[in-house]
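Everything below concerns the one structure shown next.
The values are calculated or read from the model by the stated rules, or taken from the named source; none is laboratory data. Source: prediction; values computed, not measured. Cβ coordinates were reconstructed from backbone atoms using ideal geometry, including for glycine residues, and neighbour counts include every protein chain displayed.
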Amino acid sequence: MTNYMGKTRMVKLFFYYIALRTEYVKSVKLAAMEYCNMYEYHKYKGSEWLNVKWDGSEFQMIASGSEGKAVALDEYRNTDDERKFINRVVSFFDKDFVFSAHNKSKSLDCPDIAKRTAKTEIRKEEKGRDDIIYLDTETTGLDPTEDEILQISIVNDYGEILLDTYIKPEHHTEWKEAEAVNHITPEMVNNAPLQKDVAQKICEILSNAKTAIAYNMAFDWHFIAELLCKHTSFSNKNIPILECCMSRFAEVYGDWDEYHEQYKWQKLSTAADYYQLRWHGKAHGALADALMCKDVWNCIQKYGRI
C-alpha cells in the first residue's frame, strides 16, 4: 500500500507517535534517543529516503530529486528535542514525501489524526472572524498593580489588526529598564490616548472573542484586567477562554526542568526560530509579538502536540 502525504501530514503523524511514546516519560532526551534509532538514511543517484522501523514493520519515506539537500541524520541523534529533530529533517526537503508501507494494517495513516484535523477545519469555517484573537502588551515594568501598559496590540486569526495603539501612562514619566527592552520612550507615548480612551475598545474585542491567546498570557492578562477594572464594567462572564502560547510551546520544545518538574519556558524568539518564522516588524513591539504569537500558535496546532 502506498499513501501520498505532504510534509504537514507526515509531521502530524510522527508527533502523534511521539505523544504515545512519551506520555509517561519525563526525560524527553531518552525518548528522543530511542526514537531516532528507528531511522536509517539512504541516498542513491539524487534520490533520498528514510527507512523507518515502526511497530514491527518497515516504512520508506522518500523525497526524490533532492540531491543538494542531503542531511546526515547522525548529526541529530541524541538530541534533546525529538520534535525539533523531525522539523529540521523535514525542512531539508522541498517536495512532498511518499509513504510506502509493506503492511496495510501497519500503515502510518492514523484515523484519529485525520478526524481531529477534519473537525478543526470545520470549526474554523464555522467560527466568526474574530472568535480567536492574539494579544500582546508592552509595559513600564513587571508589576500590574504598580506599572502600566504602554502599548497594546490585538489581531485576529487572519492577521487583521483589531487594535494597535500606544497608551499614555497616568503615573509614570520614565521607565528606563523597560525601555531598554521595548524601546518605547516617553516621547513616543506623550500624545497617545489615555487608558480610559482605549478601555472600551479592548472590552468590546474581548467580549466578541471566544478565545484569547498570548505569549505569557498571565503577564498580559493581569495588566489588561487591571486596566479594565479601573475604566469599564467588564465582568467575568465576558472573559474569553485564555490560552498561553508560551506554556504550549514549552511542551513542544521539550526542555524538561527536573527540579520544578515542568517544561522550561522559552522566549518568543526561540519559538520563532524553532518554526523558522519571519517577523512582521521588530521583536518586543506589541504588534510584532502578537502577530508572531499567532504564527507560533498555528504552527503548534499543525505540528506540535496539543
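Go through the range 162-185 and count every residue that is closer than 26 Å to residue 131 by Cβ and either out of contact with any Leu (no Cβ under 7 Å at 6 or more places or on another chain) or assigned to a helix (DSSP H, G or I) (or both).
Let us first name the residues in the range 162-185 that are closer than 26 Å to residue 131 by Cβ, namely 162-165, 167.
Next cut, either out of contact with any Leu (no Cβ under 7 Å at 6 or more places or on another chain) or assigned to a helix (DSSP H, G or I) (or both) only: 162-163, 165.
Of the residues in the range 162-185, 3 are closer than 26 Å to residue 131 by Cβ and either out of contact with any Leu (no Cβ under 7 Å at 6 or more places or on another chain) or assigned to a helix (DSSP H, G or I) (or both).
The helices (runs of 4 or more DSSP H) located wholly in the range 216-306 that include 2 or more residues which are more than 15 Å from the chain's Cα centre (by Cα) and either at pLDDT 95 or above or within 23 Å of residue 139 (Cβ to Cβ) (or both) occupy 217-231, 286-303. Considering the range 220-244, and only residues there that are within 21 Å of residue 168 (Cα to Cα) and out of contact with any helix residue (DSSP H, G or I) (no Cβ under 9 Å at 6 or more places or on another chain), the residue that is surrounded by the fewest Cβ atoms within 10 Å (Cβ to Cβ) turns out to be 229.
The rows are residues; the columns are (1) over 19 Å from residue 142 (Cβ atoms); (2) free of Cβ contacts under 8 Å to residues at least 12 places away in the same chain; (3) in contact with a Cys (Cβ under 6 Å, 6 or more places away or on another chain); (4) not assigned by TED's automatic domain parsing to the domain that holds residue 145.
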| residue | (1), (2), (3), (4) |
| --- | --- |
| 170 | no, no, no, no |
| 180 | no, yes, no, no |
| 184 | no, no, no, no |
| 190 | yes, no, no, no |
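Taking the range 165-208 as the range and being crowded, with 16+ Cβ neighbours inside 10 Å and of a type in the set (Ser, Thr, Tyr) as the test, the residues that pass are 165, 166. Scanning the range 128-164 for residues that are within 26 Å of the chain's Cα centre (by Cα), β-branched (Val, Ile, Thr) and surrounded by fewer than 21 Cβ atoms within 10 Å (Cβ to Cβ) gives a single hit, 161. Just need a number here: residues in the range 186-206 that are farther than 11 Å from residue 168 by Cβ and either of a type outside the set (Asp, Glu) or part of a loop (DSSP other than H, G, I, E, B) (or both). Here the count works out to 7.
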